[in-house]
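Here's the structure we're looking at; comments come further down.
The values are calculated or read from the model by the stated rules, or taken from the named source; none is laboratory data. Not measured: the values here are computed from a predicted model. Cβ placement follows ideal geometry from the backbone for every residue including glycine, while neighbour counts extend to all protein chains displayed. Just so you know, the surface numbers come from the protein's heavy atoms only, side chains and all, with ligands and any DNA or RNA stripped out. Shrake-Rupley method; radii C 1.70, N 1.55, O 1.52, S 1.80 Å.
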Amino acid sequence: MKRAIVSGAAGFVGSHMCDRLLAEGIAVLALDNLLTGVERNIEHLRGHPDFEFRLQDVTLPFEVDSPADFVIHMASPASPRDYLMYPIETLDVGSLGTRQMLELAQRKSAKFLLTSTSETYGDPSVHPQVETYWGNVNPVGPRSCYDESKRFAEALTMAYHRHRGVRTSIARIFNTYGPRMKLNDGRVVPAFMDQALKGEPITIFGDGSQTRSFCYVSDMVDGLYRLLLSSEEYPVNLGNPREMTIGEFAAAILELTGSHGGVVHHDLPEDDPKQRRPDITKARRVLAWSPVVTLEEGMRRTVEYFRAVQPRGDADVPAEASV
Ligand code: NAD
Ligand code: UDP
């Protein structure tokens, strides 16, 4: 049986990745320090014979006795609210954490996968973003703790590939949403859904003309899994190319939830990217991958999840809701 070591496994995307690996017959050692993730996300896997959870900060040295075929480094705060709250931890996990995970991959002769981000493009001047674009990142702005941490992680991954012979792949993930996002993590999908379900005004930052492209989590995990099995060593964009303005997205949420709360405008955060849409030509070509879940269907599934968790706050998710 093949074995994977997954950091950030108790997070939103990481927990879905664990589900997919187990479904593919791959045993999982899940590592997480629960900085921004919650054990609830992997509770349904407890007792699974091929799943083990270890509370581990991956910025610190650690050893794994068993062999491994795959090392998947997903640990990192990912929502702007989280990484602004934990800037030093974010820089550490992208640098020291990536180093520990790469060393582990080298010791185990395992394939290494890094989950990088569209934030490596910063506030992009090339649109849509293609992997060969080098980006437009403010190295000293508030978001730099995340952007530069991921850019460093990519550079370190390439160095281990070139100089240590580690087999590596890099995913540049664009905005992903779905069940198990935290209601209060500040990202636009849970924030808007939470507000709409409570009948409160939706908080649009700025005039709402900035754009994003939203990918449903099962599509994302399918792309990550294909990349894990591929021999592509240069970054690959993974995301849904359907782009919309945040104003349009707010209107869609109001309609979906039947909320009459309306919208309210707040200041746009510093360095908030004005436009974002992945060019996924490369993923289509090298992974034969493209998203299949429509925004309407993905949002319907996500609202269902949030409806189930919201009355109890963020603390107690019924099993049937933890899709
Ligand atoms: P998340 O916050 O839900 O999950 C991240 C997990 O990493 C959490 O469980 C957290 O506790 C863990 N973690 C953080 N520091 C750690 C450390 N030092 N040691 C061990 N565990 C640690 O975020 P997510 O949305 O699931 O993101 C997962 C990955 O995907 C991240 O690397 C993120 O940068 C990347 N990504 C996500 C998105 C998205 O839209 N969700 C977009 C781009 C990139
Ligand atoms: N946003 C918003 N209201 C909110 C939360 C976010 O208008 O309550 C905007 C934010 O300014 C950004 C977009 O929605 O332009 C996506 O934000 P998110 O935090 O989800 O992720 P980002 O893509 O910025 O990393």
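Per-structure values
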read-out: C-alpha long axis of helix 217-229 to longest principal axis of the chain, angle in °; value: 20
read-out: Whichever aspartates and glutamates have a C-alpha closer than 15 Å to that of Lys2, once near sequence neighbours (fewer than 8 apart) are set aside; value: Asp19, Glu24, Asp50, Glu52, Asp65, Asp69
read-out: Accessible surface, per residue, of the chain when the full set of protein chains is kept, probe 1.4 Å, Å²; value: 42
read-out: Ranking by accessible area, most exposed first, for Lys182, Lys274, Lys150 with a 1.4 Å probe; value: Lys274, Lys182, Lys150
read-out: Exposure ranking of Trp134, Trp289 by accessible area [1.4 Å probe, largest first]; value: Trp134, Trp289
read-out: Rounded to 5, percent antiparallel among DSSP beta bridges of the chain; value: 10
read-out: In degrees, nearest ten, helix 295-309 long axis to first principal axis of the chain (Cα); value: 90
read-out: Set of lysines with alpha-carbon distance to Lys182 below 20 Å, sequence-local pairs under 8 removed; value: Lys198
read-out: Protein-only accessible surface order, largest first, of Glu243, Glu43, Glu200, Glu154 at 1.4 Å; value: Glu43, Glu200, Glu243, Glu154
read-out: The range 58-134 and the range 240-259: distance between their alpha carbon centers, rounded to Å; value: 30
read-out: Proximal aspartates and glutamates to Lys274, defined as alpha-carbon separation beneath 16 angstrom and excluding residues fewer than eight positions away on the same chain; value: Glu119, Asp123, Asp147, Asp207, Glu243, Glu248
read-out: Area of Asp19 that stays accessible when all protein chains are in place (1.4 Å probe, Å², to 10); value: 40
read-out: The chain: most fluctuating residue of Glu24, Glu63, Glu232 per GNM, C-alpha cutoff 10 Å; value: Glu63
read-out: Cβ-Cβ FRET estimate between Val292 and Leu229, R0 fixed at 30 Å, reported to 0.05; value: 0.95
read-out: On Cα atoms only, tilt of 188-198 relative to the major axis of the chain in degrees; value: 40
